[in-house]
Amino acid sequence: MEAHQLYDADLLRGNTDSLLLFLINERGSTYGYELIKEIGRRSKGYFRFREGTVYPALRKLEADSLVRGEWRRIAGGQERRYYVMTPKGRALLRRKIEMWRKFSSAMTLVLKPAGG
Amino acid sequence: MPAEVDSYLSEVRSHLHLDPSVEQRVIGELSSHFDDKLRDLRTEGMSEREAVREAIASFGGARSIARLLYRAHSRGTWVETFLACQPHLLAAALFAAHQWRSPLLLGLFSAALMGIAVAGWLRGRPAWVHSWAGYAFFPLLVLAWLGRGVLASAFTAVAAGGRIPAPAWQPVALLVLCASGGVLLVRALRLAAGRDWVDAALLMLPQPVFGAWLLAVERFGGLTSDGLPLGDALRWDPAMARLCLLLAAASAFAIRARSRFVKAAAILAAGIGGGAIIVRVTSTEADLAGLAVASLVSGALLAAPALLGGRTRKG
């Protein structure tokens, strides 16, 4: 995903996998457009990116066996590609969340005004 | 689906350069995204025109999205990489063991090349199959090369108003074989280049090295002769074996790299470098100009499918 100029684009790009894995894991199974909407809703529109970039990111997760994609027929005969977590994806997500918590706690501690 | 979205998705597809079945799946997923997005935008109260404009704008530029999708889909698995390297490694083994003139091994190698190339071609033409197809045409090219004398004398006789020298079936069979081989090669190149120049270049990769080697061997009396001159040609075998390993490495890069630029660079470097190296190894008289010409010819052979690909896609 490529962010607009609200923040350093690399910051979001480096955490795209975590965001997608977290939401896929939480929802059980989901699809690209729902993920895009959910990221926008939860971040209150803070994370802004070109929507098309979500699909290559999902494909990379699939190629690395972190998620599994499957086509499902929905109402109206339309087909939609859903993504579900794999055990490998779940294990990676646990590690990434743990790493992120430690990282953000450390950042918060460092950025706290001295003597505060 | 509105015409503007269809046109946008067609543009994305034209820049994907992926297997048609993969392209279809990718475009199918993007289509369902646009269906959902347009429905939501209409629900929010946008007009059809505004909704389409907004949906396309928020998705991103067709070319850049296609490039990202290509990078995400184009990386072959290790099994595919292994398969793509095999014909080069088998050729390297034939040269390393000085067995390229063994009729049995050469026959087995040619049969394996053609069998696997045809089977792979008929089963969706995965990228690795182009390595095999490149070698599969080589027995035909060698046969045409060996039979050029027979063909030339038949043409001379016919042009002079005489009859084809006996046995007449030889030049006729050779002509049919050469013509069908040529048509097949052009057809294969057009199909490969129509999807991706990288596939077509993989198919052409062995031709500069083996073409230069074949010409050099001919200077020593030809593939079919024995004796001291050919003994000299056998001295090039270690160099040929190493060059085949170089081609295997380039094929592996072309299959595993995500970037199209890296794939193209690996193939061009190995093809052009390999063509020049084999000319240098086989000809002590080759000067800088000769090597430059060899590099240019190799580059032209590898780049030519791009023109075919362009015409195929436009057509």
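Coordinate-derived values only; no laboratory data. Predicted, not measured: the structure shown is a model, and the values here were computed from it. Cβ placement follows ideal geometry from the backbone for every residue including glycine, while neighbour counts extend to all protein chains displayed.
Ordering B:Gly211, B:Ala294, B:Ile267 by the projection of their Cα atoms onto the charge dipole of the protein assembly as shown, which places +1 on the Cβ of Lys and Arg and -1 on the Cβ of Asp and Glu, puts B:Ile267 at the extreme positive end. Farthest toward the positive end of the dipole of the protein assembly as shown, out of B:Leu243, B:Pro20, B:Leu146, is the Cα of B:Pro20, where the dipole comes from beta carbon charges about the Cα centre. Distance from the Cα centre of the range A:32-95 to that of the range B:60-109, in angstrom? One Cα centre to the other: 32 Å. Take each residue in A:63-69, count the other chain C-beta atoms within 10 Å of its C-beta, and the mean is 1.
If you take the Cα centroid of the range B:126-162 and the Cα centroid of the range B:228-269, the two points sit 24 Å apart. Helix B:78-96 axis versus longest C-alpha principal axis of chain B: approximately 10°, rounded to the nearest ten. Qualifying chymotrypsin sites (Phe, Trp or Tyr not before Pro) in the range A:17-116, where qualification requires a DSSP coil assignment and no more than 16 other C-beta atoms within 10 Å, comprise A:Tyr46. Charge dipole of the protein assembly as shown (Cα centre as origin; +1 on each Lys and Arg Cβ, -1 on each Asp and Glu Cβ, all else neutral): 940 debye, rounded to the nearest 20. For the range B:1-109, GluC sites (Glu not before Pro) are listed when DSSP marks them as loop and at most 10 other Cβ atoms sit within 10 Å of their Cβ; the list is B:Glu44.
Working from the Cα coordinates of the protein assembly as shown, the gyration tensor eigenvalues give, after taking √(5λ), semi-axes of 54, 26, 18 Å in decreasing order. Mean separation of Cα pairs under 8 Å and 6 or more residues apart, divided by the residue count, gives chain B a relative contact order of 22 percent.
Each Lys or Arg adds one and each Asp or Glu subtracts one; over the other residues with Cβ under 15 Å from the Cβ of B:Ala179, this totals +2.
What you get for the range B:3-72, charging only the Cβ of Lys and Arg (+1) and of Asp and Glu (-1), is a dipole of about 280 debye around the Cα centre. Think of each Lys and Arg Cβ as +1 and each Asp and Glu Cβ as -1; about the Cα centre, that makes the dipole of the range B:77-314 roughly 900 debye. By how many degrees, 0 to 90 and rounded to 10, does the Cα axis of helix B:103-122 deviate from the longest principal axis of chain B? Value to nearest ten degrees: 20. Taking every alpha-carbon pair under 8 Å whose residues sit at least 6 apart, the range B:3-72 reaches a relative contact order of 52 percent. Taking the C-alpha atoms only, the angle from helix B:3-14 to the longest principal axis of chain B is near 30 degrees. Peptide A:47-60 has a mean shielding of 6, counted as Cβ atoms of other protein chains within 10 Å of each residue's Cβ. With a 10 Å cut-off around each Cβ of B:50-60, the average count of Cβ atoms from other chains is 2. Taking 8 Å as the Cα distance limit and 6 or more residues as the minimum spacing, I'd like the relative contact order of chain A as a percentage. Relative contact order here is 27 percent.
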